[in-house]
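Let me begin by presenting the structure, written as structure tokens, before commenting on it.
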Amino acid sequence: MSLPRLSLILASPRGFCAGVARAVEIVESALVRHGAPIYVRHEIVHNRFVVERLKQRGAVFVDDLDQVPEGAVIVFSAHGVARSVVAEAAARRLDALDATCPLVTKVHLEAQRHARLGRRIILVGHAGHPEVEGTMGQLPPGQVVLVESVADVEMLEADPGESLAFATQTTLSVDDTAAIVAALQARFPDIQGPQGDDICYATTNRQNAVKAIAPRVDALIVLGAPHSSNAGRLVEAARRAGCSRPLLLGRIDELDWQVLAGVERLGITAAASAPECLVDELIEACRARYDISLEEISVTTEDVRFNLPRALTA
């Protein structure tokens, strides 16, 4: 009996970005150097598969530092942490390794620079996201105001002559961020922006790759965690670019194959926190059910790499 045909169209770039690769490597290297257990504050990245794999090697994920024994090794996640967390780790004599993505650190430094110049910072982001909490925690309460939408911008209040600046969460939708930034600049013409784009290169590249394949496919699977900001934005980008059936999956075992009924061309991508092995897993599952063909569409090539902390390389 012949299998039904299915064309798989892979978006590129996809999967791990340099910041995520660095964060995971920091935990792995710390386990080799110090041995288990290594403690990690919050998920190192938003991906269940990655977290579970590191747990099996001896990483212990905690929500608060009071769950970490005094003097133990603690890794701060790729999303970054507030200054108060760094201070608490030092007070408890924890051996801290900072896995904050350098592009998130760039946003932290920009916020601090604006504050030194007497500006109040408007942060474009999602409430409750660990990156947002870390960025807002770089400055005293009240110095950073969060906005999530154009409607939030309309509700902002500023004193006459008040100096303002804005920054953005790195994993947002490029399109949504552009609309909010435009609203900020229209309402506050003198507002100061970042010296470069805060949306990270990997977020932009993965969204552009999805936009390139979305009009060509009947359905598109985004491999990523449901609580991952960059994964959610890829689903939105696919829908806006013309794909009527974008699906977000953590792993292939979550897929109800019935939703692919009638699909002849299936797009595949992976969020910046999802490893390539999950893409391979999906392709092999499709191969078992379909006569597949593979095509990869690339919009750019990435060659960025971030160095590990000196504490792990010396």
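For VAL45, all conditions in the list (1) over 30 Å from ARG289 (Cα atoms); (2) crowded, with 24+ Cβ neighbours inside 10 Å; (3) at pLDDT 95 or above hold save one; what is the number of the exception?
Just one mismatch for VAL45, condition (3).
Scan segment 252-292 residue by residue and report those that are touching a helix residue (DSSP H, G or I) at 6+ places or on another chain (Cβ under 6 Å) and part of a loop (DSSP other than H, G, I, E, B).
Within segment 252-292, ALA271, ALA272, SER273 qualify.
For the subset of segment 209-229 comprising residues that are closer than 21 Å to HIS46 by Cα and at pLDDT 95 or above, which member is surrounded by the fewest Cβ atoms within 10 Å (Cβ to Cβ)?
For segment 209-229, the residue satisfying everything is ALA209.
Could you list, in sequence order, all residues of segment 193-239 that are of a type in the set (D, E, K, R) and in a strand (DSSP E or B)?
none
Between a residue in segment 229-243 that is over 12 Å from THR203 (Cα atoms) and in the same structural domain as ARG216 (by TED's automatic domain parsing) and any residue that is assigned to a helix (DSSP H, G or I) and acidic (Asp, Glu), which pairs come within a Cβ distance under 8 Å, given they are 6 or more apart or on different chains?
The qualifying pairs are GLU236/ASP176; ARG240/ASP175.
Among (1) closer than 20 Å to ASP198 by Cα; (2) surrounded by fewer than 18 Cβ atoms within 10 Å (Cβ to Cβ), there is one condition GLY19 misses while meeting the rest; what is its number?
Going through (1) closer than 20 Å to ASP198 by Cα; (2) surrounded by fewer than 18 Cβ atoms within 10 Å (Cβ to Cβ) one by one, GLY19 breaks only (2).
Which residues, taken from segment 292-313, are surrounded by 13 or more Cβ atoms within 10 Å (Cβ to Cβ) and of a type in the set (D, E, K, R)?
Scanning segment 292-313 gives GLU296, GLU302.
Taking segment 214-251 on its own, how many of its residues are more than 20 Å from GLU295 (Cβ to Cβ) and of a type in the set (A, V, I, L, M)?
Residues flagged as more than 20 Å from GLU295 (Cβ to Cβ) and of a type in the set (A, V, I, L, M) within segment 214-251 amount to 5.
Suppose we filter segment 48-65 for residues that are assigned to a loop (DSSP other than H, G, I, E, B) and either surrounded by 17 or more Cβ atoms within 10 Å (Cβ to Cβ) or of a type outside the set (Gly, Ala, Ser) (or both); how many remain?
2
Of the residues that make up segment 66-81, is at least one under 25 Å from ARG310 (Cβ atoms), at pLDDT 95 or above, assigned to a helix (DSSP H, G or I) and in contact with a helix residue (DSSP H, G or I) (Cβ under 6 Å, 6 or more places away or on another chain)?
no
Based on what the data block shows, is GLY161 free of Cβ contacts under 8 Å to residues at least 12 places away in the same chain, outside any helix (DSSP H, G or I) and not β-branched (Val, Ile, Thr)?
yes
Sort out which residues of segment 90-116 are among the aliphatic types (A, V, I, L, M), over 18 Å from THR135 (Cβ atoms) and over 24 Å from the mean Cα position of the chain (by Cα), and write them in order of number.
Of everything in segment 90-116, those that are among the aliphatic types (A, V, I, L, M), over 18 Å from THR135 (Cβ atoms) and over 24 Å from the mean Cα position of the chain (by Cα) turn out to be ALA90, ALA91, LEU94.
Could you run through segment 117-145 and say how many residues are under 18 Å from the mean Cα position of the chain (by Cα) and in a strand (DSSP E or B)?
2
Within segment 163-180, restricting attention to residues that are farther than 24 Å from VAL45 by Cα and modelled with pLDDT under 95, which residue is farthest from the chain's Cα centre (by Cα)?
ALA179
Among the residues of segment 146-158, what is the count of those that are outside any loop (DSSP other than H, G, I, E, B) and surrounded by 14 or more Cβ atoms within 10 Å (Cβ to Cβ)?
Going through segment 146-158 one residue at a time, the tally reaches 5.
When the residues of segment 293-314 are narrowed to those that are among the acidic types (Asp, Glu) and farther than 13 Å from ARG14 by Cβ, which ends up modelled with the lowest pLDDT?
Looking at the filtered set, the residue picked out is ASP303.
The values are calculated or read from the model by the stated rules, or taken from the named source; none is laboratory data. Computed from a predicted structure; not experimentally measured. Ideal geometry is used to build each Cβ from the backbone, glycine not excepted, and the neighbour counts take in all protein chains shown.
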